[in-house]
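These notes are about the structure you will find just below.
The values are calculated or read from the model by the stated rules, or taken from the named source; none is laboratory data. Nothing here was measured: the structure is a model prediction, and the numbers come from that model. Backbone-built Cβ (ideal geometry, glycine too); neighbour counts: all protein chains shown. Please note that ligands, DNA and RNA were not included when accessible areas were found on the heavy atoms of the full protein model with its side chains. Shrake-Rupley method; radii C 1.70, N 1.55, O 1.52, S 1.80 Å.
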Amino acid sequence: MVKESFLLLLPVEGTEPLITTVTGTELLKGRSAKKKGKVIEIQWKLKSETASHCCSHGNSFFMDPCFIIVIVYCHSIYYLYWYTHQTMQVRWGNVISEPFLVTNGVRQGGILSPMLFNLYMDELSKRLRGCRTGCMVGEKLVNHLLYADDLVIMSPYSAGLQELLRVCSDYGKQFDVNFNSRKSVIMIARTKDDQKRTFPSFFMADRELNVVDKVKYLGHIIRDNLCDDDDIQRQYCKLYAQANMLVRKFYMCTDDVKIALFKAYCTPLYTAHLWCSYSRAKFHKLRVAYNDALRMILRLPRWTSASQLFVCCGIPTLDAVLRNFMFNFMVRLDNSKNEIIMALTVPRKSSTRYYSGFRRHWQACLYVF
């Protein structure tokens, strides 16, 4: 007989959380849990202090900043049934293969996939925290950042970094996680004194990792000298590509439609608010690409005044777009409740707020007298 399973959704802010009981039989059959008599809503209520207590002891897994999902032991029955009866088929043209069992992995785009991945990788995060080596931000120790399947580990010295790599290797062997040593690289943030210094080799899973001078993380290019010229180049190349695509597909549309498409495809400059160290030449090329993109979409000659064009079309200039990104990002940082972000922004936790190069650049761009 299958016992009852509980799925607890605890919103961090807002109303008090509710527990909904769903019978295990209904879960296994995949039926809707809204039938009469199958769902008993409001079994009991938990105070927000209980949710905070669970979070502080690592008994919860985070899928979104607004929600904390707690999985009770009885839910393992559902997952066990799911992965022992999950079959798939391969379609090639009009031919469909025979069904075969799939007992591991998560479905791409599945609702439960992020939560299941967090359950699987949470033990690695705990082991890395237990190393007690990494970068100190105020009183907070930060030695890894885990976003989906991208893992970044950091340490101010080589021995500590190798220790973190050893923990990842041991975890991979124990839980059958393969870390791709070809895609895994080492980047050393060098100072002027470190340019000619030789550093030791780093190994993970008995393979030496390559040392690079730049890496692309979550779509943003980071260099070892923290220069943003490469990421700006990525952005203005993308602007030209987006403009050419719009010209090719929507050349017969009206100007109002073209302006709306320009706002949708060309004004969202990904991670542009993180640029603070760049050359004037690269930024000038970005501005030229932004102006040319609008002229291309509206089929206007290149000598058309960009300032007048932006005013007539109601489109913000490049500088206005960047200032808007910077201000909104500063507001989100100041209002964030994340412990790592608070260690960087709250004065009583650290002094990073006052000597940060990002914040000095933002203030110089926003508050010009």
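Of all the accessible heavy-atom surface of region 321-369, with the other protein chains kept in place and a 1.4 Å probe, what percent is carbon and sulfur?
Its accessible area is 58 percent carbon and sulfur atoms.
Which pairs, out of Lys285/Lys337; Lys249/Lys282; Lys258/Lys285; Lys126/Lys263; Lys196/Lys216, put more than 32 Å between their alpha-carbon atoms?
Cα-Cα > 32 Å for Lys285/Lys337; Lys126/Lys263; rest within.
Treating the beta-carbon of each Lys and Arg as +1 and of each Asp and Glu as -1, no other charges, what is the dipole magnitude of region 214-369 about its Cα centre, to the nearest 20 debye?
It comes to approximately 120 debye.
Kindly rank 289-300, 156-167, 103-114 from highest to lowest mean number of other beta carbons found within 10 Å of each residue.
Taking the mean over residues of other Cβ atoms within 10 Å, the ranking is 289-300, 156-167, 103-114.
Amide H of Ser155: which non-local residues (sequence gap of 5 or more, or other chain) have their own amide H closer than 5 Å, using H built in the peptide plane?
Result for Ser155 returns nothing.
Under 5 Å between amide H atoms, partner at least 5 residues away or on a different chain: which partners does Ile186 have, H built in plane at 1.01 Å?
Amide H neighbours of Ile186, under 5 Å, 5+ apart: Asn210, Val211, Val212.
If you add up the charges near Met326, with Lys and Arg at +1 and Asp and Glu at -1, over every other residue whose beta carbon is less than 13 angstrom from its beta carbon, what do you get?
Here the count lands on +2.
Using unit Cβ charges (K, R positive; D, E negative) and no other charged atoms, how large, in debye to the nearest 20, is the dipole of region 251-337 about its Cα centre?
Roughly 260 debye, rounded to the nearest 20.
Could you give each residue of region 280-296 its phi-based ³J(HN,Hα) in whole Hz, using Karplus coefficients 6.51, -1.76, 1.60 with θ = phi - 60°, and x for Gly or Pro?
5, 4, 5, 5, 5, 5, 5, 5, 4, 5, 5, 5, 5, 4, 5, 5, 5
Before I look further, what does region 215-359 give for accessible area per residue, probe 1.4 Å, in whole square angstrom?
In whole numbers, region 215-359 has 57 Å² accessible per residue.
For region 76-141, which whole-number percentage of the solvent-accessible area (1.4 Å probe, protein heavy atoms only) is attributable to carbon and sulfur atoms?
57
Whole Å is fine, so just give me how far the alpha carbon centre of region 110-154 lies from that of region 229-279.
The distance from the Cα centre of region 110-154 to that of region 229-279 comes to 34 Å.
Residue by residue through region 360-367, which ³J(HN,Hα) values in whole Hz follow from phi under the Karplus form 6.51 cos²θ - 1.76 cosθ + 1.60 (θ = phi - 60°), with glycine and proline marked x?
My calculation for region 360-367 gives 5, 5, 4, 5, 5, 7, 8, 10 Hz in order.
What are the ³J(HN,Hα) couplings of region 252-257, residue after residue, when phi is run through the Karplus curve with 6.51, -1.76, 1.60 and θ = phi - 60°? Round to Hz, x for glycine and proline.
3J(HN,Hα) across region 252-257, in whole Hz: 8, 7, 6, 5, 5, 5.
Take peptides 236-245, 169-178 and line them up by average Cβ neighbours within 10 Å, highest first, as a rough protection proxy.
With the highest mean Cβ count within 10 Å placed first, the list reads 236-245, 169-178.
Arrange the peptides 316-322, 84-90, 200-206 so that the one whose residues have, on average, the most other Cβ atoms within 10 Å appears first.
Top of the packing list down: 316-322, 200-206, 84-90.
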